Amino acid sequence: MTEPAIRLHNSKTRRKEAFTPLDAENIRLYLCGPTVYDRAHLGNARPVVVIDVLYRLLREVYGPECVTYVRNFTDVDDKINASAQARKEAGAIETLEELIRQRTEETIGWYHADMDALGALRPTHEPRATDFIGAMIAMIEDLIAKGHAYEKEGHVLFRVRSYKDYGALSGRSVDDMIAGARVEVAPFKEDPMDFVLWKPSDADLPGWESPWGRGRPGWHIECSAMSYELLGASFDIHAGGIDLQFPHHENEIAQSCCAHPEGGFANVWLHNEMLQVEGKKMSKSLGNFFTVRDLLDQGIPGEVIRFVFLQTHYGKPMDWTAEKARQAEVTLRKWYRIAEQGLDGVSEPYIAVISALSDDLNTAEAIAQCHQLAHADDISTLRATLQFLGLMGRSVPEWASAPEADLSGLATKLAALRTTAMETKDFAPVDAMKTALLAAGVEVRMSKAGVELLPGAGFDAAKLEGL
Ligand SMILES: [Zn+2]
């Protein structure tokens, strides 16, 4: 079988291009990973699911042994330090380093559990920044030697104007960026655009010995050093959220291309758009901020969250809504009922789904093709395709095997109560039943057409007893 050629939208050239690997036996992929101080929120999960689809596609087309996927853990950061310092001040007996390690270990454990629940395969390498401090120091020394960086007052800064292509990825000039960005002016900077590669640490902050005194790395150098160590001076694809394009990705390019001018750093840049919730930007002040774990704890299965993500192309903003989650659950239940009848390991994923994903990860079209398969009752192909898309493991997930609540009797009863209330003008029994249903996690929709009862997040069948 000839696989379709993969085409990807490259942010660097702003065009959809045929993907040509540097080495088809070792395709190299890098995704900027999380800063590990807290649970991942829903927006953090989007690049993980997008790149998981790409990783699965590359493995399918080139072979599972031929793809190296790196996603880092940022485990040195001022927010991590602040939380460890707060625990120290609250009387913890451990050293600051121990408290930091505990916090990052715990957060990495949460992250793995949450991303596993979303069906994301673990990357080949998950380097931690603190394990690569030596490589970062070596890269910074090299940048100083080549005139691209300078030391001042214990800080090392990257000299942005020494790299003529700075800003090419996001399509801005340095002067535009200075005018529009919140650049920090500091006495130790030659130019306001220069950014930190290394900064000094006080005794109460984590630090490493370096040629510039005890200190810690800036954030951007981390990805440049780790991608070089694990993937080399040039590699195939670098991915991340569009919010990281400037300054983080511009800074990565500047550092890597100046330290290793012989390599081209990343050939293709893939950026996913942001996530909204019910049409609004997710924010703590709007009260619509939640983590992946919050949704899982509400009883929304990981496959349902993943399905909702896949319905929107990665290059478009995506809107998370409770209604989409409810519909996704209905669709998945239906597909699982069909797929359950298939035998194990007898089929390949549907070629039309591979074609859809090969066209710049058109996941919405892949979902449409799954609808076709379900409609055609192509059981074993549907099963293999759901597994390929990460929507199903070896078997149907437990939540989908549990029988769905039959609420039709209650809907009939509520409709009858309403008819009576129209005559008696006493709506109290209707309101009482609606309140009880809501308390059991059932959404009530009443219209002229009739009564609809929809079990939602947090549905508890036990609370329906006696109704
Ligand atoms: Zn990065």
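For segment 86-135, name all the residues that are among the β-branched types (Val, Ile, Thr), at pLDDT below 95 and outside any helix (DSSP H, G or I).
ILE93, THR95
Taking the condition of being away from the ligand (no atom under 16 Å from the Cβ) and either without any contact (Cβ under 8 Å) to a residue 60 or more places away in the chain or assigned to a helix (DSSP H, G or I) (or both), how many residues in segment 51-85 meet it? Full working, then the answer.
Going through segment 51-85, the residues away from the ligand (no atom under 16 Å from the Cβ) turn out to be 52-68, 78-85.
This time we only want the ones that are either without any contact (Cβ under 8 Å) to a residue 60 or more places away in the chain or assigned to a helix (DSSP H, G or I) (or both), so: 52-67, 78-85.
The qualifying residues number 24.
ASP175 passes all but one of (1) surrounded by fewer than 21 Cβ atoms within 10 Å (Cβ to Cβ); (2) in contact with a Gly (Cβ under 8 Å, 6 or more places away or on another chain); which number fails?
(2)
Are any residues in segment 238-257 within 18 Å of LEU54 (Cβ to Cβ), of a type outside the set (Gly, Ala, Ser) and surrounded by fewer than 24 Cβ atoms within 10 Å (Cβ to Cβ), and if so, which ones?
Once the filter is applied, which keeps residues that are within 18 Å of LEU54 (Cβ to Cβ), of a type outside the set (Gly, Ala, Ser) and surrounded by fewer than 24 Cβ atoms within 10 Å (Cβ to Cβ), segment 238-257 yields ILE242, LEU244, GLN245.
In segment 3-26, how many are over 21 Å from the mean Cα position of the chain (by Cα) and not in a loop (DSSP other than H, G, I, E, B)?
Qualifying residue count, segment 3-26: 5.
Would you confirm whether or not segment 194-207 contains a residue that is among the acidic types (Asp, Glu), touching a residue at least 24 places away in the same chain (Cβ under 8 Å), closer than 18 Å to LYS152 by Cβ and away from the ligand (no atom under 16 Å from the Cβ)?
Yes, segment 194-207 contains at least one residue that is among the acidic types (Asp, Glu), touching a residue at least 24 places away in the same chain (Cβ under 8 Å), closer than 18 Å to LYS152 by Cβ and away from the ligand (no atom under 16 Å from the Cβ).
State all residues of segment 90-104 that are farther than 16 Å from LYS79 by Cβ and either touching a Pro at 6+ places or on another chain (Cβ under 8 Å) or not small (Gly, Ala, Ser) (or both); if no residue qualifies, say none. Before the answer, list the steps.
Step one: list which residues in segment 90-104 are farther than 16 Å from LYS79 by Cβ, which gives 90-95, 97-98.
Residues satisfying the conditions are ILE93, GLU94, THR95, GLU97, GLU98.
Would segment 101-123 turn up any residue that is more than 30 Å from LEU389 (Cα to Cα) and of a type in the set (A, V, I, L, M)?
No, segment 101-123 contains no residue that is more than 30 Å from LEU389 (Cα to Cα) and of a type in the set (A, V, I, L, M).
Just give me the residues in segment 114-171 being surrounded by 17 or more Cβ atoms within 10 Å (Cβ to Cβ) and at positive phi, in sequence order.
Within segment 114-171, GLY119, GLY167 meet the criteria.
Does at least one position in segment 14-34 carry a residue that is in contact with a helix residue (DSSP H, G or I) (Cβ under 8 Å, 6 or more places away or on another chain), more than 16 Å from the ligand (Cβ to nearest atom) and under 25 Å from TRP320 (Cα atoms)?
No.
The values are calculated or read from the model by the stated rules, or taken from the named source; none is laboratory data. Computed from a prediction, not measured in an experiment: that's the story for all the values here. With ideal geometry, Cβ positions are generated from the backbone for all residues, glycine too; neighbour counts draw on all protein chains shown.
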